[in-house]
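> Below: one structure in structure tokens.
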Amino acid sequence: MPAMPATGSVGRSATPLAEDCSAELVELAVRGMHRGPVTPQLETLAEQGLAVIKGALAMPTPQGTELAGEMLRLPSGSAEERRVRALYEAFLPINRRLRDVCTTWQCRPDGSANDHSDAAYDAAVRDDLDDVHEAVAPVLRRLAPVLPRIGGYLTRLEAALERLDDGDHSWMASPMVDSYHTVWMHLHQELLLALGVSRAEDAELEERLVAETRDAG
């Protein structure tokens, strides 16, 4: 997924951040970490205090995440922010449903691990995932004109569904691949950065919206 180009300079540093490094920083902040070969861009980010590299693992520093947020942040009070905020609030109850589906996929009702030996059980959970996907897809389509990067998430979610249906169970929730849940977490993080919402604020709002949805039902 192409990264949103950045403008400006590196946080408190006077050293300008090249466009390719800006793109790398945004991806790193959205994904939370990078596993694999260390690129020259990651090395530059580490030199400027925006990333930490340990072997084949790279993570953003707080300063790096803050700068990535500045790159992605919608103008406060703008029409774009209001539109994305409304869609983000539509996303949160669906987010709770996705978490519940992932829990059901990983654990049986009695609390034991799902070993995927019961095809009927897995098929029922897969149907629930379809319901979640059908609910979130129009939200993402409406977000894409305001946040162009969001369009790529729907493609990645659908790719994960295809791999899951090919029989590889890891494509539901494994953090080691771009599983459905992994891509969803990246999407969620990008929305938080675009709106300047903290994780604590996000959790509180989700709880309230889920309760309101439940009460309305």
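The values are calculated or read from the model by the stated rules, or taken from the named source; none is laboratory data. What you see is a predicted model; the values in this text were computed from it and never measured. Ideal geometry is used to build each Cβ from the backbone, glycine not excepted, and the neighbour counts take in all protein chains shown. Note: accessible area is taken over every heavy atom of the protein model, side chains too, but ligands, DNA and RNA are not part of it. Shrake-Rupley method; radii C 1.70, N 1.55, O 1.52, S 1.80 Å.
> Among all residue pairs at least 6 apart or on different chains, which show Cβ distances below 6 Å where the first residue, located in region 162-189, is under 26 Å from Val26 (Cβ atoms) and of a type in the set (Phe, Trp, Tyr) and the second is open to solvent by less than 10 Å² (accessible area, probe 1.4 Å) and in a loop (DSSP other than H, G, I, E, B)?
Pairs that qualify, where the first residue is under 26 Å from Val26 (Cβ atoms) and of a type in the set (Phe, Trp, Tyr) and the partner is open to solvent by less than 10 Å² (accessible area, probe 1.4 Å) and in a loop (DSSP other than H, G, I, E, B), are Trp171/Ser179.
> Further, regarding this structure: Please note which helices (runs of 4 or more DSSP H) are completely contained in region 24-107 and include at least 3 residues that are of a type outside the set (Val, Ile, Thr) and touching a Phe, Trp or Tyr at 6+ places or on another chain (Cβ under 9 Å). First the steps, then the outcome.
Working: elements: 40-47, 62-72, 79-106.
So the answer is 79-106.
> Additional query: Just the residues that are open to solvent by less than 40 Å² (accessible area, probe 1.4 Å) and either over 22 Å from the mean Cα position of the chain (by Cα) or not small (Gly, Ala, Ser) (or both), please, taken from region 28-43.
Of everything in region 28-43, those that are open to solvent by less than 40 Å² (accessible area, probe 1.4 Å) and either over 22 Å from the mean Cα position of the chain (by Cα) or not small (Gly, Ala, Ser) (or both) turn out to be Leu28, Val30, Thr39, Leu42.
Residue-wise test of (1) surrounded by 13 or more Cβ atoms within 10 Å (Cβ to Cβ); (2) closer than 30 Å to Glu201 by Cβ; (3) among the polar types (S, T, N, Q); (4) touching an Asp or Glu at 6+ places or on another chain (Cβ under 8 Å).
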residue	(1), (2), (3), (4)
Thr65	yes, yes, yes, no
Glu70	yes, yes, no, no
Glu89	yes, yes, no, no
Arg97	yes, yes, no, yes
Thr103	no, yes, yes, no
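> For region 145-164, name all the residues that are of a type outside the set (A, V, I, L, M, F, W, C) and assigned to a loop (DSSP other than H, G, I, E, B). Even if it seems obvious, please write down each step before you answer.
First, the residues of region 145-164 that are of a type outside the set (A, V, I, L, M, F, W, C): 145, 148-149, 151-153, 155-156, 158, 162-163.
The one that is of a type outside the set (A, V, I, L, M, F, W, C) and assigned to a loop (DSSP other than H, G, I, E, B): Pro145.
> How about region 53-62: which of its residues are farther than 20 Å from Pro175 by Cα and open to solvent by 50 Å² or more (accessible area, probe 1.4 Å)? So that I can check it myself, show each step before the final result.
Start the filter on region 53-62 by keeping residues that are farther than 20 Å from Pro175 by Cα, which leaves 61-62.
If the condition is that a residue be farther than 20 Å from Pro175 by Cα and open to solvent by 50 Å² or more (accessible area, probe 1.4 Å), then Pro62 is the only one that fits.
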